[in-house]
Amino acid sequence: AQGFKCIRCGKVFSRKYDLKIHMRTHTGFKPLKCRFCGRAFSDPSNLNKHTRLHAEMRAPYTCEDCGKLFVRRRDLQRHVKS
């Protein structure tokens with residue numbers, strides 16, 4: 001079986017769904033939103049990891065501009081400066 005090939009970069013996937021999610025890296029399409037902070041994601045597994053940070057309160061520092069979470073305040077400060 002050949003699998004499903006990305007027309008943009010040639011990467012091959014065994015499942016059509018995986019190619020669909022991968023294509024979002026090329027288009028920038030992020031239809032999934034965090035229910036806690038509204039941050040957008042293209043990949044459900046990345047949204048799930050992010051949501052767990054909220055649920056477990058392991059990342060108390062949030063960027064007000066993009067919603068990215070940080071465990072340490074200094075990491076948030078470095079992010080804001082860049």
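Bear in mind that the values in this text are calculations on the coordinates, not laboratory data. All of these numbers come straight from a predicted model, not from anything done at the bench. Every residue, glycine as well, gets a Cβ built from its backbone with ideal geometry; the counts of neighbours run over all protein chains shown.
Can you tell me which residue is nearest to Phe41 (Cα to Cα) among those in region 1-22 that are in a helix (DSSP H, G or I) and of a type outside the set (Phe, Trp, Tyr)? Give the steps one after another, and end with the answer.
Initial filter on region 1-22 (in a helix (DSSP H, G or I)): 16-22.
In the following step, the residues that additionally are of a type outside the set (Phe, Trp, Tyr) were identified as 16, 18-22.
On the way: Lys16: 19, Asp18: 15, Leu19: 16, Lys20: 14, Ile21: 10, His22: 12 Å.
Only one residue tops the list, namely Ile21.
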Selection over region 5-38 where residues are touching a Lys or Arg at 6+ places or on another chain (Cβ under 9 Å) and of a type in the set (Lys, Arg) yields a count of 5
Under the condition of being among the hydroxyl-bearing types (Ser, Thr, Tyr), assigned to a helix (DSSP H, G or I) and within 11 Å of the chain's Cα centre (by Cα), which residue from region 23-58 is surrounded by the fewest Cβ atoms within 10 Å (Cβ to Cβ)?
-> Ser45
